[in-house]
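The structure under discussion appears below in the form of structure tokens.
Please treat every number below as a calculation from the coordinates, not as lab data. None of the values given here were measured: they were computed from a predicted structure. Methodologically, a virtual Cβ is constructed for each residue, glycine included, from the backbone with ideal geometry; neighbour enumeration extends over all protein chains shown.
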Amino acid sequence: MTENKRITILGVPVDLIDKEAAMARFEELFPQPGVTAVYTPNSEIVENASHDPALKELINSAELIIPDGIGLVYASRFVGHPLKERVTGIDFLESIIAYLADHGKSIYFFGSKPGVAEKAAEKIREKYPALRVAGTHDGYFKPEEEPAIVEQINDSGADFLCVALGAPKQEKFIYDHKEELKVHGAIGVGGSLDVWSGDLKRAPEFYQKHGLEWLYRFLQQPARIGRVMKLPVFMLKVMFQGRSQEGLS
Ligand code: UDP
């Protein structure tokens, strides 16, 4: 089995991987026993994790850490271990869905506002009719309801779990329940179900091609200003902290 090379950016691990290699690695890991955890951090999460050792550890525990964001690609060049491309969570989720559909496997959609996961599942099945949807659950629940949700996911018999609770809630959910979950893989995907359901528009190709999806999302949701401002903070930190701290493992 191949090993993924892992670099660190601001001390936070990210896999030195492109989309094709990430998918090949997923296909190797998914049939193995246990949960293959896939996290898709962007520069905002990496910045948050850089001063949160517990979050850093949690990210490091994932089998695949996909670089979701142009900020990480620029930062990787700066630290001397260039990433070939960014791999967005929503695109990687779609590759996983295509794989599951081809292999007769099922998926459980967990997260987003009530009704969104069902609507997203419907739209996804229009594109991938062979996909088996084992169940859905919205992402607004009390902490004491969590064990019952894990039980529902397990009872559904799903092979794969898609968690859309926003970061780092979704990563924490996967991490906290990795031992009890019976699925073979799980991914944290942020707002992807909102896009699939049609509730949120994905950036037009121009923005995607030029790494400006963050700008489009900001224009759609100006309340995200605080989060958008983390991008320049992240880049400045990468530039000032330099290459010395970063490495390859
Ligand atoms: N969300 C959720 N439960 C929560 C908080 C958020 O299900 O307690 C959902 C929210 O409805 C949205 C998704 O998490 O569909 C991602 O939110 P956000 O856009 O903040 O995530 P990002 O993609 O930026 O990480």
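Worth a mention:
- DSSP H segments from the chain that extend 18 Å or more along their own axis, Cα-based, with Kyte-Doolittle mean of -1.0 or above: 89-102
- Length gained on full extension, Gln241 to Leu200, computed as 0.36 nm times the residue gap minus the Cα-Cα distance: 11.2 nm.
- Computed [θ] at 222 nm, helices only, for the chain once each DSSP H run of length n ≥ 4 contributes -39500 (n - 2.57): -13500 deg cm²/dmol
- Trypsin sites (Lys or Arg not before Pro) within segment 177-225, DSSP loop, no more than 12 other Cβ atoms inside 10 Å: Lys201
- The stretch between Lys5 and Glu145, if pulled fully straight at 0.36 nm per residue, gains 46.7 nm over its current Cα-Cα span.
- Counting every other Cβ atom within 10 Å of each residue's Cβ, Met229, Met23 order from fewest to most as Met229, Met23.
- Relative contact order for segment 130-230: 21 percent, from Cα pairs under 8 Å spaced at least 6 residues apart, divided by residue count.
- When each of Phe92, Phe234, Phe141, Phe109 is scored by the number of other beta-carbon atoms lying within 10 Å, the sequence from fewest to most is Phe141, Phe92, Phe234, Phe109.
- Of the residues Phe160, Phe26, the one with the fewest other Cβ atoms within 10 Å heads the list, and the complete ranking is Phe26, Phe160.
- Between Gln220 and Glu57, the modelled label-to-label distance comes to 3.6 nm, taking each label 7 Å out from Cα in the direction of the beta carbon.
- Taking every alpha-carbon pair within segment 1-140, the share separated by more than 18 Å comes to 60 percent.
- Among the listed pairs Lys56/Lys105; Lys113/Lys209; Lys19/Lys172; Lys113/Lys142; Lys19/Lys84, those beyond 21 Å (Cα-Cα): Lys56/Lys105; Lys113/Lys209; Lys19/Lys172
- Fraction in percent of alpha-carbon pairs per bin - 10 Å, the chain: 7, 32, 38, 20, 3
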